[in-house]
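Asker: The structure follows.
The values are calculated or read from the model by the stated rules, or taken from the named source; none is laboratory data. Quantities reported herein were computed from a predicted structural model and do not represent experimental measurements. When we count neighbours, we look across all protein chains shown, and the Cβ atoms used for this are built from the backbone with ideal geometry, even at glycine.
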Amino acid sequence: MIRYFKVWKEAKEWARTGGQALFIPGFVCGSLSPTPRVFKGKRYGYLLDTDRARLVATAKKLGVNVIKVDRLGVEGQHINLCGRPLLRAEQEAGKLNGK
């Protein structure tokens, strides 16, 4: 189960201890290179998990089309989310239900 965090450090700690964390910065993605076009100008978030296989499986379940694991094998390992996959992650984490 995904748990939502407002603080990056807390999200990383949750993932480090074996959980899946969703962190959403309070701003939209800028237009700087090398930002993928799909993220530019949109809300985005990070799905963190130290278990790569589970991270990829969750991303697929959320509907991520192109899966790129950032910070592979180190603290803060994550997949970037935007659009519908981000909304689905928020729903799973209970964020949209006021939790």
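Asker: Would you pick out the residues in the range 57-88 that are closer than 14 Å to residue 19 by Cα and either of a type in the set (S, T, N, Q) or buried (at least 19 other Cβ atoms within 10 Å of the Cβ) (or both)?
Answerer: Scanning the range 57-88 gives 58, 77, 78.
Asker: Sticking with this structure for a sec: In the range 80-92, is there at least one residue being under 16 Å from residue 5 (Cβ atoms), modelled with pLDDT of 90 or more and in contact with an Asp or Glu (Cβ under 7 Å, 6 or more places away or on another chain)?
Answerer: yes
Asker: Of everything in the range 53-99, what is in a loop (DSSP other than H, G, I, E, B), of a type in the set (Val, Ile, Thr) and over 18 Å from residue 14 (Cβ atoms)? Give them in sequence order.
Answerer: 64, 66, 67
Asker: Output the number of the condition that residue 38 fails; it satisfies all remaining conditions of (1) β-branched (Val, Ile, Thr); (2) at pLDDT 90 or above; (3) part of a helix (DSSP H, G or I).
Answerer: Here residue 38 meets the rest and fails (2).
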